[in-house]
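Colleague: The structure that follows is given in the form of structure tokens.
Please treat every number below as a calculation from the coordinates, not as lab data. Please read these numbers as outputs of a predicted model, since none were measured by experiment. Positions of Cβ are backbone-derived with ideal geometry, glycine not excepted, and every protein chain shown enters the neighbour counts.
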Number of protein chains: 2
Amino acid sequence: MNLRVEDYISIKLHQTDLKLTSEIKSRLQPYNLAPEQNLVMMLLWEKDGLTQNQLSEKLGKDKTNIARMVVNLEGKGFIERKFCPRDRRSLEVYLTEDGRKLKEEVVPVSEAFNADVTEGLSKQDLEHLDQVLTKILNNIKG
Amino acid sequence: MNLRVEDYISIKLHQTDLKLTSEIKSRLQPYNLAPEQNLVMMLLWEKDGLTQNQLSEKLGKDKTNIARMVVNLEGKGFIERKFCPRDRRSLEVYLTEDGRKLKEEVVPVSEAFNADVTEGLSKQDLEHLDQVLTKILNNIKG
DNA sequence: TTGATATAGTATGTGTAGCAACTAAATGGG
DNA sequence: CCCATTTAGTTGCTACACATACTATATCAA
């Protein structure tokens with residue numbers, strides 16, 4: 001076959017992802033939030049009190065990374081952790097007042113980012129993209 | 001709007017990329033090659049003697065990362081660097097015998113990976129994906 | 001009740017991404 | 001020809017991904 005670098009769709013996908021990450025990183029910088037930290041916050045804005053383990057499952061990320069992100073977010077004063085009374089191994093993650101207020105500023109940034117990214121793409125394009133990404137994910141898992 | 005985590009296409013794209021990276025990483029591990037190091041090698045297998053700066057441009061990566069990858073690849077004995085005689089600031093990157101031999105083992109792994117990733121996707125699906133990713137990239141750049 | 005096993009989270013190490021500040025070499029204008 | 005500017009690459013910093021090994025707590029079974 002002898003494919004060239006530009007023939008691998010996974011490479012293009014990777015490079016697209018890097019650009020997206022870089023862009024959202026710079027947009028979030030004024031709010032002292034890293035991109036992955038924002039994902040944690042998004043889940044907590046929906047519902048806080050999740051354990052680190054639940055965050056890890058929902059985001060499909062390694063628990064060591066969740067631990068680091070949560071420690072950072074705690075250091076920034078956006079969340080606080082309490083030992084779960086039922087299971088003292090678990091830490092429940094709660095928003096602080098600062099963390100709660102941050103939602104008003106950051107959610108519009110995320111939504112504007114999403115609007116910019118999907119500019120010029122039809123609903124069909126996005127659905128198709130979603131389906132193809134799902135297929136790719138399944139191809140890898142199995 | 002109030003989108004949920006799963007409504008952001010960039011998040012899905014990011015998670016897909018992570019799975020792909022993780023998979024190719026484990027497939028390349030037996031050859032002592034990290035995924036991004038493999039990208040450098042792929043370019044060099046097409047044509048070696050490129051400077052670090054040219055590698056950086058072709059891969060769209062920061063020169064600091066290229067420098068680090070190249071140092072690692074040199075440590076592994078896959079490449080060697082020579083000062084460019086015309087411009088003594090530049091380092092030209094050449095394959096060693098080991099690096100050259102590696103191609104025979106690693107290219108089939110990359111191509112098998114690509115075949116697995118794209119399994120069940122039509123040519124149209126892939127073209128559409130490529131186009132949509134290109135549009136997304138352009139949306140971000142501008 | 002106790003001992004094996006599973007689970008939640010932490011610590012550590014490697015690889016990657018990109019920014020800022022730096023060194024050394026090249027270049028171009030006065 | 002020399003000084004200012006640009007360019008190639010390195011070093012240091014922060015954040016992220018993931019693997020392995022560890023501690024502490026929970027649970028289940030004999």
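Colleague: Using just the helices of the protein assembly as shown, give the 222 nm mean residue ellipticity in deg cm²/dmol: DSSP H runs with n ≥ 4 each add -39,500 (n - 2.57), and the total is spread over all residues, rounded to 500.
Modeller: The helix-only estimate for the protein assembly as shown comes to -21500 deg cm²/dmol at 222 nm.
Colleague: Could you work out, residue by residue across B:114-127, how many beta carbons of other chains sit within 10 Å of that residue's beta carbon, and then give the average as an integer?
Modeller: The mean count of partner-chain Cβ atoms within 10 Å per residue comes to 4.
Colleague: In whole Å, how far is the Cα centre of region A:1-16 from that of region B:7-55?
Modeller: When both Cα centres are located, 9 Å separates them.
Colleague: Right, another one. Once amide H atoms are placed 1.01 Å from N in the peptide plane, what residues at a sequence separation of 5 or more from B:Leu50, or on another chain, have their amide H within under 5 Å of its amide H?
Modeller: B:Val93
Colleague: Report, in degrees rounded to the nearest 10, the 0 to 90 angle that the Cα long axis of helix A:123-141 makes with the longest principal axis of chain A.
Modeller: Around 80 degrees separate the two axes.
Colleague: Provide the FRET efficiency to the nearest 0.05 for the A:Asn65-B:Asn65 pair, computing r from the beta carbons and using R0 = 25 Å. Mind showing how you got there, number by number?
Modeller: Working: r = 20 Å, r/R0 = 0.80.
Once the sixth-power term is evaluated, E becomes 0.80.
Colleague: Counting partner chain Cβ atoms within 10 Å of every residue's Cβ in A:38-49, what's the average?
Modeller: For this peptide, the per-residue mean of nearby foreign Cβ atoms is 2.
Colleague: Axis carrying A onto B: which residue of A has the nearest Cβ, and how far, whole Å?
Modeller: Reported as residue, whole Å: A:Asp17, 2.
Colleague: Just in region A:1-76: which trypsin sites (Lys or Arg not before Pro) are loop by DSSP and have at most 13 other Cβ atoms within 10 Å?
Modeller: Sites meeting the loop and neighbour criteria: A:Arg4, A:Lys47.
Colleague: Now for a separate question. Give me Rg/Rg_expected for region A:22-141, where Rg uses Cα atoms only and Rg_expected = 2.2 N^0.38 Å with N residues. Spell out each step's value before the answer.
Modeller: Details: Rg = 16.3 Å, N = 120, 2.2 N^0.38 = 13.6 Å.
Compactness ratio reported: 1.20.
Colleague: Next question, about the same structure. In nm to one decimal, list the spacings between the B:Lys123 label point and its equivalents in the other copies, with label points set 7 Å along Cα to Cβ, shortest first.
Modeller: Going from nearest to farthest copy, the values are 3.1 nm.
Colleague: Right, next: When the Karplus curve 6.51 cos²θ - 1.76 cosθ + 1.60 is applied with θ = phi - 60°, which whole-Hz ³J(HN,Hα) does each residue of region B:85-94 get, with x for Gly and Pro?
Modeller: x, 6, 10, 6, 7, 8, 10, 8, 9, 10
Colleague: Quick query: amide H of A:Thr96 versus all other amide H atoms, modeled in the peptide plane; which residues come in under 5 Å with a sequence gap of 5 or more or a different chain?
Modeller: Distant-sequence amide H within range of A:Thr96: A:Ile79, A:Glu80.
Colleague: Once the Cα atoms of helix B:63-75 and of chain B are each reduced to a long axis, what angle between those two axes, in degrees from 0 to 90 to the nearest 10, is obtained?
Modeller: Around 60 degrees separate the two axes.
Colleague: Give, rounded to the nearest 20 debye, the magnitude of the charge dipole that chain B has about its Cα centre when Lys and Arg contribute +1 at Cβ and Asp and Glu contribute -1 at Cβ. The partial results should precede the final answer.
Modeller: Numbers: 22 positive and 23 negative charges, 131 e Å.
Using only the charged Cβ atoms, the result is roughly 620 debye.
Colleague: A:Ser90's amide H: which non-local residues (gap 5+, or another chain) put their own amide H closer than 5 Å, with H modeled 1.01 Å from N in plane and none for Pro or chain starts?
Modeller: A:Cys84
Colleague: Taking 41 Å as R0, compute the FRET efficiency from the Cβ-Cβ separation of A:Glu80 and A:Ala115 and round it to 0.05. Each step should come with its number before you reach the end.
Modeller: On the way: r = 32 Å, r/R0 = 0.79.
Once rounded, the FRET efficiency stands at 0.80.
Colleague: Can you work out the PRE-style zone for A:Gln29? Point 7 Å along Cα to Cβ, and I want the residues of region B:59-94 with backbone N under 20 Å.
Modeller: Answer for this model: B:60-66.
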